[in-house]
Amino acid sequence: MENTFYKYQGTGNDFVMIDNRNRQFPKDDIKLIAKICHRRFGVGSDGLILLENDEATDFRMVYFNADGNEGSMCGNGGRCIVAFAHFLDIIKKDTTFIAVDGLHEATITGDVVSLKMTNVSEVKKKTNALFMNTGSPHHVQMVKDLKSFAVTKEGARMRYGIYGEKGSNINFVEANVEGGFDIRTYERGVEDETLSCGTGVTAVALSMYHLGYTKNKTIAVNALGGNLEVTFEENQGIYNNIYLQGEAKQVFKGELTW
């Protein structure tokens, strides 16, 4: 089989995108998906995303981690699939779509996508950290000298050591001089540091507010791959109307053979 694919990136978080409305892609083939995502033997990406038809919304997002397994929600992937749907002329400016964690709303203006994230009703305190699920599980921990921090080593240790085989994404964060926050993330499924993680950026913004490091409800978070903005509302520790905003761009297209 041959299938056209597209490569998208959102602040350096990159994805292989496939229009699977014809349901021809073999999405149960874990080895194939992992091979496509491999940066030496395949296209190379942090994940693979299928756009499929959905009866109740504009489209369905099916996300796979780079290891080939279907993953939890990916915020940057969600922003990228909105850009992809716009490119395919499925949507104009506004959209609703379904993902593994439920219904999402989004808007696109040029290359900027604003994606409504799932509500967060529970924030758990850990030793020197917070844990929450923003569509994917996230551990958020403040550190000093983030630039030189051993993210891959410590992230892998904590991903398994604290959260076991199922694991969690691990985020390390430090306040910056602009009044926002810098983030570096170890992603499960990729099993490495990535240049950006949308659900991680969302978790960091909520965590910094929750811990009192900022009183702002519009928070700039800088990942290695670029800058994102998170806005939200909060009432008695419950967070809703959470939006993740930033650029999402098509990089190239090609043909896959399997």
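Worth pointing out:
- Fewest-first ordering of ARG184, ARG157, ARG60, ARG40 by other beta carbons within 10 Å of each residue's beta carbon gives ARG40, ARG157, ARG60, ARG184.
- In the chain, the longest principal axis of the Cα atoms and the axis of helix 75-87 are about 40 degrees apart.
- Between region 143-181 and region 84-120, the Cα center-to-center distance that results, in Å: 28
- Measuring between alpha carbons in the structure, the pairs from LYS166/LYS217; LYS7/LYS31; LYS7/LYS92; LYS116/LYS249; LYS7/LYS93 lying more than 24 angstrom apart are LYS166/LYS217.
- Put in line by how crowded their Cβ is, counting other Cβ atoms within 10 Å and starting with the fewest, GLU255, GLU193 read GLU255, GLU193.
- Per-residue ³J(HN,Hα) for region 4-16, Karplus 6.51 cos²θ - 1.76 cosθ + 1.60, θ = phi - 60°, Hz, x for Gly and Pro: 6, 10, 10, 10, 10, 9, x, 6, x, 7, 10, 9, 7
- Integer Hz, Karplus 6.51/-1.76/1.60 couplings in order for region 110-125, x for Gly and Pro: x, 9, 9, 10, 10, 10, 7, 9, 5, 5, 10, 10, 9, 10, 9, 8
- Cα-based equivalent ellipsoid, region 124-246: semi-axes from gyration tensor eigenvalues, Å: 21, 16, 13
- Within the listed set GLY47, GLY212, GLY246, the Gaussian network model of the chain (springs between alpha-carbon atoms below 10 Å) gives the highest mean-square fluctuation for GLY212.
- 3J(HN,Hα) from dihedral phi, region 220-236, Karplus parametrisation 6.51/-1.76/1.60, rounded to Hz, x for glycine, proline: 8, 10, 9, 9, 4, x, x, 9, 10, 10, 10, 10, 6, 10, 9, 9, 6
- Highest-first arrangement of 148-154, 197-203, where packing means the average Cβ count within 10 Å: 197-203, 148-154
- Taking LEU256, LEU130, LEU103, LEU206 and counting other C-beta atoms within 10 Å, the order from fewest to most: LEU103, LEU256, LEU130, LEU206
Just so you know, all these numbers are worked out from the coordinates, no wet-lab data involved. Note that the structure is a prediction, hence the values are computed from the model and not measured. Glycine also receives a Cβ, built like all others from the backbone with ideal geometry; neighbour counts cover every protein chain displayed.
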